[in-house]
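Just below is one structure, and these are the notes that go with it.
Where a number appears in this text, it was derived from the coordinates with a stated rule and is not lab data. Just so it is clear, the structure is predicted and the values come from calculations on it, not from any experiment. Note that each Cβ is placed from the backbone with ideal geometry, even for glycine, and that neighbours are counted across all protein chains shown.
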Amino acid sequence: MKSLPLLSDRLLPPISAITAYDYPTARICDEAGVQLILVGDSLGMMVAGCEDTTSVTLDQMVYHTTIVRRGVTRAVVVADLPIHTYDTPAEALASSRRLIEAGAEAVKLEGGLDQIPQIEAIVGAGIPLCGHLGMLPQHVREEGGYKKKGRSEAEAKSLVEAGLALESAGVFAIVLESVVADVAAEMTARLRIPTIGIGSGHRCDGQVRVVHDVTGAFPWFLPPFAKTHGNVAEVTRNAVSAFLGEVATSHQTGFPD
Ligand code: KIV
């Protein structure tokens, strides 16, 4: 089992991680025993209904981190640095500090070798940082879609190199998104820090999922790798329909005051 220099007593492989963007969801996930709660910038899609994460702002992340924090007593709370809030090392540090002040214990950013100066600035200031390699949702527009990473030998090699560089720069874990399973397994074997996969096979040190995918709360889109364990959208629709029926007949039947 890998040892974690940071947050070691609360993140024990296999690490369970899930996104949350609001108080009740965060509290339920925490009470259920999830080890890491990610205030993901996926809230741009799952909460705000945008096409991707590229319009999420730091102020929005600060607000959602604050309300998630209120619901969590045990899990490690990690907040995403949104796009263009870490373009320089100074900006990366200032943005990370705002998320930590809002209640995050660690922050996460997307990218590889290009992010080393930013990573060093954040980690150098004593802020725990999680990396994110593979498919980078903040760059989905340049990439032209959500594509699997590590298919070619060159891409696999650069993923491994980026992982090792991020580890040397001091990240405490790396999210691997949509990485070919064998490449994710190789990275997991070669890194001392844990990998947390999403769409990257089962041989990572942990798994992270978007809470709406897990609970079935966002019925309009489900990534191919996501497995749904609930039907929150249906339960909500049925409850609201029952309420509408009650209102429609309330003048005839009444209901308790
Ligand atoms: O924002 C997010 O939800 C994420 C996960 C996909 C890991 O970064």
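Figures for the structure shown
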quantity	calculated
Selected from VAL208, VAL232, VAL72 as most flexible by GNM, with the chain as the system and alpha-carbon contacts under 10 Å	VAL232
For the chain, alpha-carbon Rg relative to the globular expectation (2.2 N^0.38 Å, N residues)	1.08
Residues GLU153 and ARG10, FRET efficiency given R0 of 35 Å [Cβ-Cβ distance, rounded to 0.05]	0.40
Relative contact order [Cα under 8 Å, 6+ residues apart], the chain, whole percent	16 percent
Cα principal axis extents for the stretch 184-249, largest first, Å	65, 19, 12
Fully extended contour minus Cα-Cα distance, from ALA125 to LEU222, at 0.36 nm per residue	31.1 nm
Helix-derived mean residue ellipticity, 222 nm - over the chain, DSSP H n ≥ 4, -39500 (n - 2.57), to 500	-12500 deg cm²/dmol
The stretch 15-253 - charge dipole about Cα centre, Lys and Arg +1 at Cβ, Asp and Glu -1, debye rounded to 20	500 debye
